[in-house]
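Asks: There's a structure below that I have some questions on.
The values are calculated or read from the model by the stated rules, or taken from the named source; none is laboratory data. No experiment lies behind these values; they were computed from the predicted model shown. Positions of Cβ are generated from backbone atoms using ideal geometry, with glycine treated the same way; all protein chains shown enter the neighbour counts. Ligands, DNA and RNA are excluded from the accessible area calculation, which covers all protein heavy atoms including side chains. Shrake-Rupley method; radii C 1.70, N 1.55, O 1.52, S 1.80 Å.
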Amino acid sequence: MEEAPTSEFDLKGLAVAKGIAHGEAFVMLNLDLKIPVYEIKPADKAGERERLQNAIMKAREDILKVKEELSERVGEAEAAIFDAHLLALEDVAILKETFDMLERENFNVEYCYNCAIEKFIGAFEKIDDSFIRERISDLKDVSRRVIDNLLGRCSSLRIGALSDPLVLVSSDFSPSDFALVDKSKILAIITEKGSQTSHTAILSRSLGIPCIVGVENVADKISTGMFVLVDGYNGNIIVNPTENTMRHYTELESVHREAQKLFDSAIPLPSETLDGAKFDVSINISGAADMPSDMENYAGVGLFRTENFFLDFGSFPDEETQYKVYADVVRSAKGKPVVIRTLDLGGDKNLSLMKMVSKEENPFMGYRAIRFCLDHKETFKTQLRAILRASALGVVKILLPMICSIREVERARLIIEEAKEELSAEGAAFDRDVKIGSMIEVPSAAVTIDIIAKACDFISIGTNDLIQYMLAVDRVNDMVAHLYEPTHPAVIRILNHVVGAAREANIPVCVCGELAADPTFCSLLLGMGVTEFSMSATSVGEIKYLLRKITLQQAKKLRDEVLSLTRSRHVISRLRSFHYEIMQSQ
Ligand code: PEP
Ligand code: MG
């Protein structure tokens, strides 16, 4: 990297979580960087050997630290996985292979080490044995740590150790990185990859951490220690801001704060349109920490993404641990319904937790959510038992993610019945009539909603995934982010179809994807017949404020107009003009 500039310059990205923050940048380097290969002089070989030994020593210290932290948090048995990592780290055969190559050829040590690791992994991959598969994933994990140390890269692991709050800069930042970091130390997040509906963006929004994604080569343009100002409303990043710039943004922040105050004033008011049509606004959560103290102002929890708590935990929690978390949330809901979604691991959510050996080419189309759960019946049943037990404490509903066909709902229902029978035999309390619903987020489920509805007590539309699968646009790939169009006529039609069919089947329908929290979209959803909206608590004020300012008649008219439009851009402009009219109305 060239000498860091000290004068003000700005960068542009896509704002995905509102807010303005400023502070020192901390650059987390791209973990997928290629391993450099270069020739060294024979006289440098001793130094190269020493570099590797130091990197291994450092990795050993890091692993021991994580092991200690985990055994305090989770228990010694879970932390024992790191013993296998320590063994892999000090594997004599790998070290011998590395040093032999270093002697034979004149290449840098990280290259020799990586070749040795790849050779061993290649040999292991030919053996179909679950123990060996575990060893491959251990090897991958520890070798990444060693190579990071050799290259001076920083892994998320070490962010937790920083003492001051910082602006995190990274080429990518996944939900599992989030799990390892102390959130109170993140002022803002800037990444090169990501999009509006990546789970990192969703988590940032719910935590109120400003986040900007899609900033080209950001890790080359900002270096650790630079002072940056992040405008999460407009996607502007100002590096080395002058006093004037700081003043301008302080004013901007106060304008937004005033608007937010106005929106938030709607939170305790009735959820009702001007012509008296009722609607519900619930919240999306990742755990008990997201539960607001004024729960009476919300309709309930519309989506509890349980996998985030698993990621934080670092492994699959046992029934008792899960029960405590669900019970905590149900108690905090104070009698309001809590929709608990069963595990939705996969996609951009930490495959290592699922002990996957090889990386999937298309994780969002792969081994995700209900597919994983139906294949791992015991893991699934443990979660269901914990959820069912928590249902004795309030109103709990079970939501199944990534449903593609009625067969999956039926298979899941059978496992739920088994869990119920076991609990009954044990004399445990639970709601025998617990409602079971499906996420509608895959086109096959949306198109056959009339069939799926027959096996469901309710449905919840996951627009984040539904849009990506409808339009074949990876929701976390910034290269195709411009093609991720919620206003595409195909999306509008499928939403209208699903809502209409669910109403015909007489089952409740909620929208819990990010579209529910989009101020330009919520009126259209209401017009289609959606009466339940679920979103992060930070968005509730604005959506409630807007829906309270329109009539159902206006919303229905808007739906008819929009359904007749043939271009995405025409839909956008109609929705924006409608939004503008509402904001201007008294
Ligand atoms: C969705 O897909 O819209 C949804 C709510 O689920 P997630 O974002 O967790 O995939
Ligand atoms: Mg989804």
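Asks: Could you list the trypsin sites (Lys or Arg not before Pro) in the range 416-475 that lie in coil according to DSSP, counting only those with at most 12 other Cβ atoms within 10 Å of their Cβ?
Replies: On the way: sites: Lys420, Arg432, Lys435, Lys454, Arg475; in loops: Arg432, Arg475.
Within the range 416-475, the qualifying trypsin sites (Lys or Arg not before Pro) (loop, at most 12 other Cβ atoms within 10 Å) are Arg432.
Asks: Right, next: Could you give the size of the charge dipole of the range 265-584 about its Cα centre, using +1 on the Cβ of each K and R and -1 on the Cβ of each D and E, expressed in debye and rounded to the nearest 20? Could you put the intermediate results ahead of the total?
Replies: Working: 37 positive and 42 negative charges, 133 e Å.
Rounded to the nearest 20 debye, it is 640 debye.
Asks: Also: Share of Cα-Cα pairs in the range 42-151 beyond 18 Å, in percent?
Replies: Every Cα pair in the range 42-151 considered, those over 18 Å come to 51 percent.
Asks: Which Cα, out of Val499, Met365, Val339, lies furthest along the positive dipole direction of the range 265-584 (beta carbon charges, K/R +1, D/E -1)?
Replies: Towards the positive end, the residue furthest out is Val499.
Asks: When the accessible area of the chain is split by element with a 1.4 Å probe, what percent falls to carbon and sulfur?
Replies: 52 percent
Asks: Could you give the length gained by full extension between Gln553 and Glu422, i.e. 0.36 nm per residue of separation minus their alpha carbon distance, to one decimal place? List each step's numbers first, then the result.
Replies: Numbers: separation 131, 0.36 × 131 = 47.16 nm, distance 4.96 nm.
Once the chain is fully extended between Gln553 and Glu422, it gains 42.2 nm.
Asks: Which cross-chain or sequence-distant (5 or more) residues have an amide H under 5 Å from the amide H of Val395, H modelled 1.01 Å from N in plane?
Replies: Gly335, Val338
Asks: Which aspartates and glutamates, if any, have their Cα less than 13 Å from the Cα of Lys45, not counting same-chain residues under 8 positions apart?
Replies: Asp100, Glu103, Glu105, Glu110
Asks: Here is a further query. Report the semi-axes of the equivalent ellipsoid for the range 265-584 in whole Å, largest first, where each axis is √(5λ) for an eigenvalue λ of the Cα gyration tensor.
Replies: Semi-axes from the Cα gyration tensor: 32, 23, 18 Å.
Asks: Please report, in Å, the Rg and the Dmax of the range 236-365, where both are computed over Cα atoms only.
Replies: Over the range 236-365's Cα set, Rg and Dmax evaluate to 20.5, 56 Å.
Asks: Still on this structure, I have one more. Take the alpha carbon gyration tensor of the range 452-586, find the square roots of its eigenvalues, order them as a ≥ b ≥ c, and report rounded if a/c is under 1.5; if not, report prolate when a/b exceeds b/c, else oblate.
Replies: Details: a/c = 1.38, a/b = 1.07, b/c = 1.29.
Rounded shape, in that the Cα axes give a/c under 1.5.
Asks: Take the eigenvalues of the Cα gyration tensor for the range 499-572, scale each by 5, and report the square roots as semi-axes in whole Å, largest first.
Replies: 19, 17, 12
Asks: Multiply the residue separation of Asp433 and Asn106 by 0.36 nm, subtract the distance between their alpha-carbon atoms, and state the gained length in nm to one decimal.
Replies: Working: separation 327, 0.36 × 327 = 117.72 nm, distance 6.98 nm.
Net length gain for the segment: 110.7 nm.
Asks: Something else: Quick one: if the Förster radius is 25 Å, what FRET efficiency do Glu243 and Lys185 give, using the C-beta to C-beta distance and rounding to 0.05?
Replies: 0.45
Asks: Which of the trypsin sites (Lys or Arg not before Pro) found in the range 543-586 are in a DSSP loop and have at most 10 neighbouring Cβ atoms, other than their own, within 10 Å?
Replies: In loop regions of the range 543-586 (DSSP not H, G, I, E or B), there are no sparsely surrounded trypsin sites (Lys or Arg not before Pro).
Asks: Taking R0 as 22 Å, what FRET efficiency do you get between Asn362 and Ser315 from their Cβ-Cβ distance, rounded to the nearest 0.05?
Replies: FRET efficiency, Asn362 to Ser315: 0.30.
Asks: Past the 32 Å Cα-Cα mark, which pairs from Lys67/Lys336; Lys349/Lys435; Lys454/Lys556; Lys193/Lys377; Lys183/Lys549; Lys12/Lys349?
Replies: Working: Lys67/Lys336 39 Å; Lys349/Lys435 26 Å; Lys454/Lys556 27 Å; Lys193/Lys377 34 Å; Lys183/Lys549 36 Å; Lys12/Lys349 27 Å.
Pairs exceeding the cut-off: Lys67/Lys336; Lys193/Lys377; Lys183/Lys549.
Asks: Now, a different point. Taking GluC sites (Glu not before Pro) that fall in a DSSP loop and have at most 14 other Cβ atoms within 10 Å as cut points, what is the longest piece of the chain between them?
Replies: The longest such stretch corresponds to 362-586.
Asks: Rounded to the nearest 0.05, what FRET efficiency do Lys65 and Ser7 have when you use their Cβ-Cβ distance and R0 = 25 Å?
Replies: The value I calculate is 0.05.
Asks: Determine the calculated [θ] at 222 nm for the chain from helices alone, applying -39500 (n - 2.57) to every DSSP H run no shorter than 4 residues and normalising by the residue count; nearest 500 deg cm²/dmol.
Replies: Rounded to the nearest 500, the figure is -15000 deg cm²/dmol.
Asks: Filter the trypsin sites (Lys or Arg not before Pro) in the range 294-350 to those in DSSP coil with at most 16 other Cβ atoms within 10 Å of their Cβ, and list the result.
Replies: Sites meeting the loop and neighbour criteria: Lys334.
Asks: With each label point set 7 Å from Cα along the Cα-Cβ vector, what nm distance links Arg371 and Met295?
Replies: 3.6 nm
Asks: Please provide three numbers in whole Å: the alpha-carbon extents of the chain along the principal axes, with the largest listed first.
Replies: On the principal axes, the chain reaches 84, 69, 43 Å in Cα extent.
Asks: Also, quick follow-up: Keeping all protein chains in place, calculate the accessible area per residue for the chain (probe 1.4 angstrom), answer in Å². If you can, show how the numbers build up before the last one.
Replies: Details: 25920 Å² over 586 residues.
In whole numbers, the chain has 44 Å² accessible per residue.
Asks: If you plug each phi of the range 293-303 into the Karplus form 6.51 cos²θ - 1.76 cosθ + 1.60 with θ = phi - 60°, what whole-Hz ³J(HN,Hα) values come out, in order, with x for Gly and Pro?
Replies: Calculated HN-Hα couplings, in order: 6, 9, 4, 4, 7, 10, 6, x, 9, x, 7 Hz.
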